[in-house]
Structure formats: C-alpha cells, structure tokens
Amino acid sequence: MNIRTVSIRTNSRVRQAFARRDIYLGDFDSLKGELTTNQEGATLFLADINLNVYLRRIKSKKASYAAIGTGSANKITTEGYF
C-alpha cells in the first residue's frame, strides 16, 4: 500500500464530483490516499469516500498532479482518461 499526500490542481468536473459528496476543494489542494502509478498516469484511491481520482503528472510550483477525472472504486478502469 502506497499511502501518500499529493498536491493537485483540480478542474470543475473533479470539484463537482467532490461537492456531490459534501467535500469542497479549491483549484489547488492536497489529498491523501493510496497512489498507484503506471506509464499512462496515476490513480489516487480515497478509501474514506470510496473514490478514485485519475491524475496526470504536471510541472507546477503549486501542484504535482492535475486531477483529470473521478470514478467509482468499483470501476477500476482508466480507459478514456489518458
């Protein structure tokens, strides 16, 4: 298990997905979860809300990753996100 806190840049689609769960994020925020990486990108699993956040590596002083989408933890596919 690779539990990490990562700094992310979010888009409106990701912020809306979190808002539906009564969690409000800013444009730049930090999340703690299980990070899985591969050649295409990364996935951060947030166990407490049962949600995957799909990430892409970026070069920014404020964030390490850009959150590009979310998905149910029951659906473990990144098809269409990368």
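Every number in this text was worked out from the coordinates using simple rules, so none of it is lab data. Remember, predicted model here, so these are calculated numbers, not experimental data. Cβ coordinates were reconstructed from backbone atoms using ideal geometry, including for glycine residues, and neighbour counts include every protein chain displayed.
What the table shows:
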{"read-out": "Matching residues in the stretch 25-48 - criterion: being acidic (Asp, Glu) and touching a strand residue (DSSP E or B) at 6+ places or on another chain (Cβ under 8 Å)", "value": "Asp27, Asp29, Glu34"}
{"read-out": "Filtered residues of the stretch 6-60 (kept if in a helix (DSSP H, G or I) and aromatic (Phe, Trp, Tyr))", "value": "Phe18"}
{"read-out": "Neighbours by Cβ (under 6 Å, 6+ apart or cross-chain): first from the stretch 26-38, loosely packed, with under 14 Cβ neighbours inside 10 Å; second part of a strand (DSSP E or B)", "value": "Phe28/Arg9; Ser30/Thr5; Ser30/Ser7; Lys32/Thr5"}
{"read-out": "Check on Tyr65, among the aromatic types (Phe, Trp, Tyr) and free of Cβ contacts under 8 Å to residues at least 12 places away in the same chain", "value": "no"}
{"read-out": "Any chance Val14 is among the β-branched types (Val, Ile, Thr) and under 19 Å from Asn2 (Cβ atoms)", "value": "no"}
